[in-house]
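Novice: Starting off with a structure, shown below.
Read-outs: derived from the displayed coordinates by stated rules, not from any lab. In this text, all values refer to a predicted model and were calculated from it rather than measured experimentally. Don't worry about glycine lacking a Cβ; one is built from the backbone with ideal geometry, like all the others, and counts go over all protein chains shown.
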């Protein structure tokens with residue numbers, strides 16, 4: 001029996017329990033973690049359909065990895081209820097008809113905000129849970145027309161020959177971006193009516209696979225600009241965007257990363273920009289005020305001639321392959337540290353298996369500090385790192401105005 005004067009938490013749980021038992025919610029996000037695990041950030045929950053029956057998939061989001069576990073509804077609720085308002089101060093429930101957000105204060109007081117989903121004619125008919133063991137439910141629909149027009153899938157929504165890895169990469173990228181947008185407070189699904197559109201820039205957009213995936217993922221609440229040096233690819237992508245009615249929110253222009261200034265934006269992406277083009281993109285995004293930077297570096301050549309092997313490593317590093325890998329590690333480790341000095345919290349991780357692409361390292365940076373605030377401890381650590389490896393200059397450091405010399 002419910003208490004005579006239900007609290008905000010009671011009212012939230014009254015919405016969650018039937019939705020969890022029936023699988024009639026879209027997702028549940030728990031944030032503002034204050035528990036004992038220093039690496040845990042968020043918990044994402046969604047309904048899935050397994051051969052064993054309906055379950056709830058828990059994605060525990062840690063600083064450098066995600067852990068996924070599936071639970072039957074009753075077991076899932078038993079796990080969730082003590083977490084809500086306990087280890088997690090924020091809980092956000094998305095259903096087809098409304099969103100409910102519980103905000104708990106450290107002293108235990110809480111408030112509940114309910115917002116109907118405007119213009120949702122299907123509120124009474126919630127979507128079926130995603131099927132893990134049956135037909136695959138993709139975040140980016142396999143039958144999306146732009147996937148076909150860009151040569152990724154055929155008319156049946158199946159990857160064309162040689163494009164299966166690209167299709168997986170698109171899906172994984174969309175999933176990661178969804179998590180990173182939520183983590184950085186830029187989740188379009190949780191912004192209120194009348195909010196300004198998200199502004200995203202993709203530098204080095206190529207054939208536009210991932211740029212179109214962003215447009216599919218975020219819908220009309222985003223304005224996306226792709227930059228690509230090859231005019232023929234720019235023309236192709238603009239033509240496909242026009243054909244699908246997206247020209248008002250997705251556009252491409254010709255230009256080189258090093259020569260193109262970025263207009264103010266919320267998110268900057270640069271995947272597989274070669275060598276110092278990654279540094280150019282990061283610096284452009286920082287200057288444009290981006291809250292989220294996402295890059296996948298490749299061809300890290302700049303530092304290799306500068307690197308001085310410590311004596312204990314000299315014999316091992318006479319092999320060219322080890323020199324190449326050391327240059328990659330040092331370059332990306334230095335980039336991550338420089339972004340932290342510039343006011344970002346960074347994460348470096350593999351975003352897809354090396355089975356699908358060898359260039360699979362991703363650096364994600366979320367702004368946590370206003371530009372111009374000094375960080376002497378990080379600056380000292382960066383200079384010690386540079387001295388250890390004999391680095392005298394590096395492109396991102398130069399573009400950020402950071403001296404590597406003590």
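Novice: Once the Cα atoms of helix 376-389 and of the chain are each reduced to a long axis, what angle between those two axes, in degrees from 0 to 90 to the nearest 10, is obtained?
Specialist: 50
Novice: When DSSP beta bridges are limited to those with both residues in segment 145-400, what percentage is antiparallel, rounded to the nearest 5?
Specialist: Roughly 40 percent of the DSSP beta bridges within segment 145-400 come out antiparallel.
Novice: Neighbouring Cβ atoms within 10 Å as the yardstick, rank 265, 274 fewest first. Can you show the working numbers first?
Specialist: Values: 265 21, 274 14.
So the residues, fewest neighbours to most, are 274, 265.
Novice: Sticking with this one: Can you compute the FRET efficiency between residue 349 and residue 256 using 1/(1 + (r/R0)^6), with r the Cβ-Cβ distance and R0 = 25 Å? Round to the nearest 0.05. Don't jump to the answer; show the numbers that get you there.
Specialist: Details: r = 28 Å, r/R0 = 1.12.
Efficiency, rounded to the nearest 0.05: 0.35.
Novice: With the chain treated as a Gaussian network of Cα nodes joined by springs under 10 Å, which of 340, 98, 216 yields the largest mean-square fluctuation?
Specialist: Of 340, 98, 216, the Gaussian network model singles out 98 as fluctuating most.
Novice: Next question. What is the calculated FRET efficiency for residue 232 to residue 274, with r their C-beta to C-beta distance and R₀ = 25 Å, to the nearest 0.05?
Specialist: Values: r = 19 Å, r/R0 = 0.75.
Rounded to the nearest 0.05, the efficiency is 0.85.
Novice: Give me the one-decimal nm value for the distance between modelled label points at residue 388 and residue 315, 7 Å along each residue's Cα-to-Cβ direction.
Specialist: Result for the modelled spin labels: 2.2 nm.
Novice: May I ask for the distance between the Cα centers of segment 14-28 and segment 238-257, given as a whole number of Å?
Specialist: 38
Novice: Name the shape class, rounded, prolate or oblate, that the alpha-carbon gyration tensor gives for segment 159-250, where a ≥ b ≥ c are the square roots of its eigenvalues, rounded holds for a/c under 1.5, and otherwise prolate holds if a/b is larger than b/c and oblate otherwise. Let's see the in-between values first.
Specialist: Values: a/c = 2.02, a/b = 1.33, b/c = 1.52.
Judged from the Cα gyration tensor, segment 159-250 comes out oblate (a/c at least 1.5, b/c at or above a/b).
Novice: Now, a different point. Taking 8 Å as the Cα distance limit and 6 or more residues as the minimum spacing, I'd like the relative contact order of the chain as a percentage.
Specialist: Relative CO of the chain lands at 10 percent.
Novice: What does the helix-only formula give at 222 nm for the chain: each DSSP H stretch with n ≥ 4 adding -39500 (n - 2.57), the total divided by the residues, and the result rounded to the nearest 500 deg cm²/dmol?
Specialist: Here the helix-only value at 222 nm equals -10000 deg cm²/dmol.
Novice: Compute the angle between helix 209-218 and the longest alpha-carbon principal axis of the chain, please, reported from 0 to 90 degrees and rounded to the nearest 10.
Specialist: The angle comes out at about 30 degrees.
Novice: What do you get for the angle between helix 320-341 and the principal long axis of the chain? Use alpha-carbon atoms, 0 to 90 degrees, nearest ten.
Specialist: That works out to roughly 60 degrees.
Novice: Residues of segment 372-391 with the amide nitrogen closer than 13 Å to a label point 7 Å from the Cα of residue 398, along Cα-to-Cβ, please.
Specialist: Within reach of a label on residue 398: no residues.
Novice: Of the residues 169, 373, 101, which exhibits the maximal mean-square fluctuation in a Gaussian network model of the chain defined by a 10 Å Cα contact cut-off?
Specialist: Highest fluctuation of the listed residues: 373.
Novice: Could you tell me the distance between the Cα centroids of segment 306-328 and segment 38-79, to the nearest Å?
Specialist: Cα centres, segment 306-328 to segment 38-79: 42 Å.
Novice: Mean separation of Cα pairs under 8 Å and 6+ residues apart, divided by the residue count of segment 8-131: what relative contact order is that in percent?
Specialist: So the answer I get is 28 percent.
Novice: Which residue fluctuates most in the GNM of the chain (Cα springs below 10 Å): 73, 231, 106?
Specialist: So, out of 73, 231, 106, the one fluctuating most is 106.
Novice: While we're on this one: Between residue 333 and residue 69, with labels modelled 7 Å along Cα→Cβ, what's the label distance in nm to one decimal, could you check?
Specialist: Simple spin-label model gives 3.3 nm for this pair.
Novice: Does segment 8-131 classify as rounded, prolate or oblate by the C-alpha gyration tensor (a ≥ b ≥ c root eigenvalues; a/c under 1.5 gives rounded; else a/b over b/c gives prolate, otherwise oblate)?
Specialist: Oblate, since a/c reaches 1.5 and b/c is not below a/b.
Novice: Given 0.36 nm per residue, what is the gain on full extension from residue 221 to residue 62 after removing their alpha carbon distance, in nm? List each step's numbers first, then the result.
Specialist: On the way: separation 159, 0.36 × 159 = 57.24 nm, distance 2.78 nm.
Once the chain is fully extended between residue 221 and residue 62, it gains 54.5 nm.
Novice: Nearest 0.05, what FRET efficiency do residue 98 and residue 263 give at R0 = 35 Å with Cβ-Cβ as r?
Specialist: Given R0 = 35 Å and the Cβ-Cβ separation, E is 0.50.
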